[in-house]
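The values are calculated or read from the model by the stated rules, or taken from the named source; none is laboratory data. What you see is a predicted model; the values in this text were computed from it and never measured. Every residue, glycine as well, gets a Cβ built from its backbone with ideal geometry; the counts of neighbours run over all protein chains shown.
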Amino acid sequence: MIRTRAELRAEGIPDSTIDYRCRQGSSTRLLPGIYCAVEPTTIVKCHAVITWLPSAVLSHRTAAWLAGMLPEPPRIEATAPTTIRRKTPPWLHLYRRDLQPDWVDLTADLPVTSVARTLLDCLRVLSKSEAEALIDNHAGHTVRPQDLLDLCSGLHGSPALRAHLRAAAAGFASEPERIFGRAMLERNIRLLQNHPVGQYRCDFVDERSSTIVEIDGREFHSSPAAFRHDRRRQNALVLGGWFILRYAAADVFQRLDACADEAAAAIRHRRRTHWRP
């Protein structure tokens, strides 16, 4: 599949023949000294990169594709040590970073960044909507939450990126909670998710302002018993000094900005004026 010029020479094939085959199209020069006699597919190019630069590791969207997290990328992305300086063709982008050993795995006999590291790297290069979809689809499934938390602890810069990872690692219980939590993070309001308050567990809690935010799904008030339990629960929380905001899941989907703006304004106001002994 992939052959080096040195290997072809060892087989008795002169340089002139190698160059002639490339001109005729029966062979393709992918990288300096690296050739293939088959269609240069994405996976062939991946092998070519590692053959050309054995210290490189496939990363970012290429590693995500190999892990089944993203569709096939238009170009190869790899990470090489900071000491490496190589000119690359348009189909290859080379990042330079010294990777820790536990950031590297092996997939299809190719060195790739670990899935947690891959997700982190992709968040830096994807659009906002693509990054959110990647988190929603794979945080807690393909990627272990603890691995994300470990990366958060050593991550420098980009507070928004750290907030994304912490939110993903926390594992919102439902899609509307996940969407609402992300909207609050974008407004610089970090809430405790699925947090206990006394004997009850609440969707979102801000302890500084004694505020609870609940997202009511379709099952809300599904039975008279559930209705009565909800009233007892809410009364107990209010009597305990908590301010409670409730939003229907449908409103979170349809009026996300209005819900998040209202909650953020209420929390900021209560943080300034509320005092608890």
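The residue of the stretch 32-59 that is farthest from the chain's Cα centre (by Cα), among those that are farther than 14 Å from Trp91 by Cβ and not in a loop (DSSP other than H, G, I, E, B), is Tyr35. Arg29 falls short on exactly one of the conditions (1) at pLDDT 90 or above; (2) in a loop (DSSP other than H, G, I, E, B); (3) charged (D, E, K, R); (4) more than 21 Å from the chain's Cα centre (by Cα), and that condition is (2). In the set (1) of a type in the set (Gly, Ala, Ser); (2) surrounded by 12 or more Cβ atoms within 10 Å (Cβ to Cβ); (3) more than 20 Å from Leu119 (Cβ to Cβ), Ala64 fails one condition alone, (3). Listed by first and then second residue, the pairs linking a residue in the stretch 227-241 that is at positive phi to a residue that is among the small types (Gly, Ala, Ser), with Cβ atoms under 9 Å apart and 6 or more places separating them unless they lie on different chains, are Gly241/Ser210.
Condition check ((1) farther than 23 Å from His269 by Cα; (2) surrounded by fewer than 16 Cβ atoms within 10 Å (Cβ to Cβ)) across all residues:
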site	(1), (2)
Arg182	no, no
Leu185	no, no
Asn188	no, yes
Gln193	no, no
Asp206	no, no
Ile212	no, no
Asp216	yes, no
Ala225	yes, yes
His229	yes, yes
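Confirm whether Pro73 is surrounded by 13 or more Cβ atoms within 10 Å (Cβ to Cβ) and either free of Cβ contacts under 8 Å to residues at least 24 places away in the same chain or not in a strand (DSSP E or B) (or both). Full working, then the answer.
Working: surrounded by 13 or more Cβ atoms within 10 Å (Cβ to Cβ): yes; either free of Cβ contacts under 8 Å to residues at least 24 places away in the same chain or not in a strand (DSSP E or B) (or both): yes.
Here the answer is yes, as Pro73 does meet what is asked.
Among the residues of the stretch 32-46 satisfying the criterion of being of a type outside the set (A, V, I, L, M, F, W, C) and surrounded by fewer than 19 Cβ atoms within 10 Å (Cβ to Cβ), which is modelled with the lowest pLDDT? Even if it seems obvious, please write down each step before you answer.
Our first condition is that a residue be of a type outside the set (A, V, I, L, M, F, W, C); within the stretch 32-46, this holds for 32-33, 35, 39-42, 45.
Those still in the list that are surrounded by fewer than 19 Cβ atoms within 10 Å (Cβ to Cβ) too: 32-33, 39-42.
Details: Pro32: 93, Gly33: 92, Glu39: 84, Pro40: 90, Thr41: 92, Thr42: 94.
Looking at residues that are of a type outside the set (A, V, I, L, M, F, W, C) and surrounded by fewer than 19 Cβ atoms within 10 Å (Cβ to Cβ), I get Glu39.
Every listed requirement among (1) exposed (fewer than 13 other Cβ atoms within 10 Å of the Cβ); (2) touching a Leu at 6+ places or on another chain (Cβ under 9 Å) is met by Thr107 save one, (1).
Checking each residue in the stretch 95-105 for being touching a strand residue (DSSP E or B) at 6+ places or on another chain (Cβ under 7 Å) and either touching a residue at least 40 places away in the same chain (Cβ under 8 Å) or more than 17 Å from Arg75 (Cα to Cα) (or both) picks out Arg97, Leu99, Trp103, Val104, Asp105.
So how many residues does the stretch 221-247 have that are at pLDDT below 90 and touching a helix residue (DSSP H, G or I) at 6+ places or on another chain (Cβ under 9 Å)? Counting residues in the stretch 221-247 that are at pLDDT below 90 and touching a helix residue (DSSP H, G or I) at 6+ places or on another chain (Cβ under 9 Å) gives 1. When residues in the stretch 106-138 are screened for being modelled with pLDDT of 85 or more, within 9 Å of the chain's Cα centre (by Cα) and of a type in the set (Asp, Glu), 1 of them pass.
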